[in-house]
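Participant: Sharing a structure with you now.
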Amino acid sequence: MKKTHRRIGYHASHEQIPPGQLLEYVIAAESAGFQAAMCSDHLFPWSQTQGHSGFAWSWLGAALQATSLSFGVVNAPGYRYNPVIIAQAAATLSEMFPERFWIAVGSGEAMNEHITGEAWPTKDLRNARLRECVDVMRALWAGERVTHRGLITVLEAQVYSLPQQPPLVVGAAITEKTARWMGEWADALITAGQPRETLKRVIGAFRENGGESKPIILQQKISYAADEALALREAHEQWRTNIFSSGPLSDMRLPEQFEAVGEFVTPDQIAEKVRISSNLEQHADWIMQDFELGFTDIYLHNVNLQQTAFIEAFGEHVLPKVKRELESQEQ
């Protein structure tokens, strides 16, 4: 079998963990054998219970310096930030840490982006706006002086400190429709854990419309603790606001609204959306099943707060087991 480079990464959850502690966790994750890391760029947490939201761009500089991991960030350019600012920030990180930084771009959520007071567009307009932002950023990374008047406005912008190679632009998609559209222009695809058949359709749509040989990345939600009752309880406490479809969630504005829709979510409903188990063999099997779908990179988001136990247990048992199985497939 042809050898492929498949990696398991650590998702750094700014919404749940203070940035200083999160930095210690990614250092520990690298020591344990995780091969990469990623985070998202939020202003608000998903709930008051989570209660944190460090500034991703400051943190990324520290994390890239403190480790040798590659890092990605999920960002929605064009609202809180003019795309020129994101292009400059990404160029700086890519210049300092060559080929170790990527940016995933999506159409965003009102919760993080409504603060500037602009009207929140419909999904089709958000997608069109996103594409304009990506085109502007790529032109800036090519050294151009850019003026653009459309759904976004840019006037005589230029980024001077440029990397030798611009960052990978990864399209963030949950639905088959969005993944198909992103196949035309994104360098790679990132999606989140969903039922297996749904993931197959999302991957297929991306592959069929321009993404044939491009990387596909999975952010998978899990809850591991040595005590399964604890894993379930904390998954419910921390993540019950996030199990609904992306459509309604993208229009909510405040953490309190997310808490309201999550109020009646039961632990059993969480277990349908998050992989909850104290069995490390089960977690390894789940990861292998995801790789079998064709993912090149899998980022594990342990949604409970038992991060040290998760990092240590997966470093000792799960990561080596998956590595052996992948190597045996490639022989």
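Participant: Taking the Cα centre of each part, how many Å lie between the range 250-293 and the range 1-75?
Facilitator: Cα centroid to Cα centroid, the span is 19 Å.
Participant: Measure off, as a whole percent, the carbon and sulfur share of the 1.4 Å-probe accessible area of the range 70-150, all protein chains present.
Facilitator: 51
Participant: Okay, moving on. Show me 63-71, 288-296 ranked by packing, highest mean number of other Cβ atoms within 10 Å first.
Facilitator: So the order, starting with the most tightly packed, is 63-71, 288-296.
Participant: Got a sec to turn the phi values of the range 186-199 into Karplus ³J(HN,Hα) couplings, 6.51 cos²θ - 1.76 cosθ + 1.60 with θ = phi - 60°, whole Hz, x for Gly and Pro?
Facilitator: Each residue's phi maps through the Karplus curve to give 7, 6, 6, 10, 10, 9, 10, x, 8, x, 3, 5, 5, 4 Hz.
Participant: With the full set of protein chains in place, find how many percent of the accessible area of the range 175-331 is carbon and sulfur; take the probe as 1.4 Å.
Facilitator: 48
Participant: With charges set only on the Cβ (+1 for Lys and Arg, -1 for Asp and Glu), what does the dipole of the range 1-134 come to about its Cα centre, in debye to the nearest 20?
Facilitator: It works out to roughly 540 debye.
Participant: Here's a follow-up. Could you go through the range 112-129 in sequence order and give the Karplus-derived ³J(HN,Hα) for each residue, using 6.51 cos²θ - 1.76 cosθ + 1.60 with θ = phi - 60°, rounded to whole Hz, and x for Gly and Pro?
Facilitator: Computed from phi, the couplings for the range 112-129 are 8, 9, 6, 5, 7, x, 6, 5, 8, x, 5, 4, 5, 6, 5, 5, 4, 5 Hz.
Participant: So, one more: Suppose all protein chains stay in the model; what accessible area per residue would a 1.4 Å probe give for the chain, in Å²?
Facilitator: Per-residue accessible area for the chain comes out at 44 Å².
Participant: So how much slack lies between Thr296 and Glu263, counting 0.36 nm per residue of separation and subtracting their Cα-Cα distance, in nm?
Facilitator: Computed gain between Thr296 and Glu263 is 8.3 nm.
Participant: As I understand it, the value is the acute angle between the Cα axis of helix 19-32 and the longest principal axis of the Cα atoms of the chain; what does it come to in degrees, rounded to 10?
Facilitator: 60
Participant: Also: Based solely on its DSSP helices, what 222 nm [θ] is calculated for the chain when runs of n ≥ 4 H residues each add -39,500 (n - 2.57) and the sum is averaged over all residues, nearest 500 deg cm²/dmol?
Facilitator: -13000 deg cm²/dmol
Participant: Which of the peptides 174-181, 82-89, 145-152, 109-116 is most tightly packed, and how do the rest follow, going by the mean number of other Cβ atoms within 10 Å of each residue?
Facilitator: Final packing ranking: 82-89, 174-181, 109-116, 145-152.
Participant: With the Cα gyration tensor of the range 188-331 giving a ≥ b ≥ c as the square roots of its eigenvalues, does the rule (a/c under 1.5 for rounded; else a/b larger than b/c for prolate; else oblate) give rounded, prolate or oblate?
Facilitator: Oblate, because a/c is 1.5 or more while a/b does not exceed b/c.
Participant: Treating only the Cβ of Lys, Arg, Asp and Glu as charged (+1, +1, -1, -1), what charge dipole size does the range 193-234 show about its Cα centre? Round to the nearest 20 debye.
Facilitator: In debye, rounded to 20, the range 193-234 gives about 200.
Participant: Place +1 on the Cβ of every Lys and Arg and -1 on the Cβ of every Asp and Glu in the range 184-331, take the dipole about the Cα centre, and give the residue among Asn209, Pro255, Thr241 whose Cα lies farthest towards its positive end.
Facilitator: Most positive-ward Cα: Asn209.
Participant: Right, another one. So if each residue of separation counts as 0.36 nm, and I subtract the Cα-Cα distance between Arg253 and Ala226, what length gain in nm does that give?
Facilitator: Taking Arg253 through Ala226 to full extension adds about 6.2 nm, to one decimal.
Participant: How much of the calculated P(r) for the chain lies past 33 Å, in percent of all Cα pairs?
Facilitator: The share of Cα pairs beyond 33 Å in the chain comes to 22 percent.
Participant: Let me ask something else. Figure the gain on full extension for Ser31 and Asp285 (residue separation times 0.36 nm, minus the Cα-Cα span) and round it to one decimal in nm.
Facilitator: Gain in length upon complete extension: 89.2 nm.
The values are calculated or read from the model by the stated rules, or taken from the named source; none is laboratory data. Bear in mind that the values here come from a model prediction, so they are computed numbers and not experimental data. Cβ sites come from the backbone with ideal geometry, for glycine too, and all protein chains shown count toward neighbours. Note: areas computed on protein heavy atoms with side chains; ligands, DNA, RNA excluded. Shrake-Rupley method; radii C 1.70, N 1.55, O 1.52, S 1.80 Å.
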